[in-house]
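Here it is, the structure in full.
The values are calculated or read from the model by the stated rules, or taken from the named source; none is laboratory data. Every value quoted in this text rests on a predicted model; they were computed, and no experiment measured them. Here the Cβ is made from the backbone with ideal geometry for all residues, glycine too, and neighbour counts use every protein chain on show. Protein only, heavy atoms only, side chains kept; ligands, DNA and RNA dropped before computing areas. Shrake-Rupley method; radii C 1.70, N 1.55, O 1.52, S 1.80 Å.
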Amino acid sequence: MRDQLRYKFRFPGTIAVALLLFAGLAAVPRGASAQDAGAFIQNLGTQGIQALGPSVPATQRTARFRQLFDADFDVAGISRFVLGPNGRNLTPEQQQEFAGLFRDYVAQTYSDKLATYGGSPFRVTGTRQNGDETIVTSQIMRQGNPAELQWHVANRGGRFVVTDVQVNGSSMKVSERDQVAGIIQRNGGRPDALLSVMRQQVVHGGREQGRGSMPAGGAVGSSMPPPRQ
């Protein structure tokens, strides 16, 4: 069982840059139009790159990252999607613990990794409606290699929240759901084992390496350049 629990809960490197960009979110006026959603993402990208830049102390980056993710992403909806049918086998208390661990792991791991993207140019390239959400397309340039990002933005009572990010066609929510399903499968189909894996990662600040961990660069099949080490 110890070997089974050593499988690392991780996020593809392609998603890391997307999570950085929401750091300037709190300063954006809330609104309902696609134009407002585009301005929301433009400010998010432009300001967020600097807010989590390398000049900000690590402890402040982590605290800021956790606060903004909790406040301005649809954490509850993303958590439910990531758990999928496996969530039915967890108690309400376990589901709540998963949401907290999920948030803490993202904050710990990527507040440091995303500092390497500080100063990269970011621009919104368009908006379109998709049902009750607005899809905001954007680009971030790094080392001459542009990444294409699509932000799914929902208006919840006059308040914008990000429900998903697609980076070069890869969905953040789908990637995370696949990893969670893999951890559960490798641990005898027991969803509660997922919590043990995530607790280990949070305790170690996302630094634990073990069998089945992701490569040091970007995600497999990604066109996104790996973060500088």
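From the list Gly157, Gly119, Gly188, pick out the single residue that is open to solvent by 20 Å² or more (accessible area, probe 1.4 Å) and free of Cβ contacts under 8 Å to residues at least 24 places away in the same chain.
One residue alone meets the criteria, Gly157.
I'd like to check something: does segment 127-140 contain any residue that is touching a helix residue (DSSP H, G or I) at 6+ places or on another chain (Cβ under 7 Å), open to solvent by 30 Å² or more (accessible area, probe 1.4 Å) and in a loop (DSSP other than H, G, I, E, B)?
No, segment 127-140 has no match at all.
Run Phe98 past the list (1) modelled with pLDDT of 90 or more; (2) buried (at least 20 other Cβ atoms within 10 Å of the Cβ); (3) more than 30 Å from Ala193 (Cα to Cα) and report the number of the one that doesn't hold.
(3)
To continue, here is another question. Restricting the search to segment 125-146, which residues are modelled with pLDDT of 95 or more and either of a type in the set (A, V, I, L, M, F, W, C) or more than 18 Å from Gln35 (Cβ to Cβ) (or both)?
Those that are modelled with pLDDT of 95 or more and either of a type in the set (A, V, I, L, M, F, W, C) or more than 18 Å from Gln35 (Cβ to Cβ) (or both): Ile135, Val136.
Right, another one. Could you pull out the residue among Ala32, Ala76 that is farther than 18 Å from Gln201 by Cα, open to solvent by 40 Å² or more (accessible area, probe 1.4 Å) and modelled with pLDDT under 70?
From the options Ala32, Ala76, the qualifying one is Ala32.
Go over the candidates Gln185, Gln179, Gln166, Gln201 one by one and state the one that is within 21 Å of Arg80 (Cα to Cα), part of a helix (DSSP H, G or I) and in contact with an Asp or Glu (Cβ under 9 Å, 6 or more places away or on another chain).
Criteria check complete, one pass: Gln201.
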